[in-house]
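The values are calculated or read from the model by the stated rules, or taken from the named source; none is laboratory data. Note that the coordinates shown come from a computational prediction; the quantities given were computed from them, not determined experimentally. When we count neighbours, we look across all protein chains shown, and the Cβ atoms used for this are built from the backbone with ideal geometry, even at glycine.
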């Protein structure tokens, strides 16, 4: 009886392991990836990665008088690679300034991560930004997400994106700092028509603790009136906090203008996110508070 039970357990384990092993060794369905992304790709057999590329032939960009063509860095791409039982995607999207936040919202809503946002050129007209994305899941879900992002780039091309303009002179600021403080739960300083709140955190570099005065801080600068103001600033956060903060800011309609690092060799790694928002001080403060709450929750879980 004992031997029969052991045999049954072994057979069950083998039957369970076979599908898992098959899933881990499954190859990318490149035809499906091309179909769902709407882009043609190429398989690198050595790296076992499939890369789709989308040249931004719709753009006319010059940098310091040089006409830039897609091979000179104006090509969006996404690469897919098997990672155990899942698939990994990494990519870089070429977007103009007005396209950044519509595209970012679609990426986040589709389950992708946005991992960096910065420039690759100086003196370029119009200004070109590069949004790096990543994700882990199954082929179809990731490819469909990338397809939605690429579709949004096409839909917002030609100046159809979003530019949050406002006629605000800090010298004429009339906003009530108490209303911002009541929402954020943080006190700031009003100087030269700008009400600024700074929230510090700490990290270590070369074994030395660094804090707010050394640049490890989140800040927000408000100017304008209570019914219409502008806020710009910077979030300092650890890596696990980036995606929740991004989602909270975009959910509040606050624009993200850069994601990068300010230091190297710090521990834990600190990411910086620069933002810009236009609206009532109440709405802007509530959006920032939602992002601060998301950051606190993510830090508690990490």
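Numbers for the structure displayed
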read-out	value
Candidate set: region 182-199, residues that are over 18 Å from residue 290 (Cβ atoms) and part of a strand (DSSP E or B); chosen: the one nearest to the chain's Cα centre (by Cα)	198
Out of 254, 259, sole residue that is within 18 Å of residue 199 (Cβ to Cβ) and either in contact (Cβ under 8 Å) with a residue 12 or more places away in the chain or crowded, with 21+ Cβ neighbours inside 10 Å (or both)	254
So residue 30, is it touching a strand residue (DSSP E or B) at 6+ places or on another chain (Cβ under 9 Å), under 23 Å from residue 259 (Cβ atoms) and surrounded by 14 or more Cβ atoms within 10 Å (Cβ to Cβ)	no
Residue list for region 118-151, restricted to those being over 26 Å from residue 83 (Cβ atoms) and in contact with a helix residue (DSSP H, G or I) (Cβ under 8 Å, 6 or more places away or on another chain)	126, 127, 129
Cβ pairs under 7 Å, 6+ apart, first in region 208-228 and assigned by TED's automatic domain parsing to the domain that holds residue 264 and on the phi > 0 side of the Ramachandran plot, second surrounded by 15 or more Cβ atoms within 10 Å (Cβ to Cβ) and outside any helix (DSSP H, G or I)	224/168; 224/173; 224/175; 224/230
Subset of region 226-239 (residues that are buried (at least 16 other Cβ atoms within 10 Å of the Cβ) and under 23 Å from the mean Cα position of the chain (by Cα))	230, 231, 232, 233, 234, 235, 236, 237, 238
Failed item, numbered, when residue 270 is tested on (1) closer than 19 Å to residue 200 by Cα; (2) surrounded by fewer than 16 Cβ atoms within 10 Å (Cβ to Cβ)	(2)
In region 52-71, the residues that are touching a strand residue (DSSP E or B) at 6+ places or on another chain (Cβ under 8 Å) and surrounded by 13 or more Cβ atoms within 10 Å (Cβ to Cβ)	52, 53, 54, 55, 56, 59, 61, 62, 63, 68, 70
Any hit, region 125-133, residues being more than 21 Å from residue 39 (Cβ to Cβ), assigned to a strand (DSSP E or B) and not assigned by TED's automatic domain parsing to the domain that holds residue 252	yes
Selection count, region 202-225, where residues are surrounded by 15 or more Cβ atoms within 10 Å (Cβ to Cβ) and either more than 26 Å from the chain's Cα centre (by Cα) or in a strand (DSSP E or B) (or both)	11
Residue in region 151-161 that is assigned to a helix (DSSP H, G or I), modelled with pLDDT of 95 or more and buried (at least 16 other Cβ atoms within 10 Å of the Cβ) present	yes
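Yes/no matrix, rows are residues, columns are (1) under 20 Å from the mean Cα position of the chain (by Cα); (2) assigned to a helix (DSSP H, G or I); (3) in the same structural domain as residue 245 (by TED's automatic domain parsing):
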site	(1), (2), (3)
89	yes, no, no
93	yes, no, no
107	yes, yes, no
111	yes, no, no
116	yes, no, no
122	no, no, no
135	yes, no, no
141	yes, yes, no
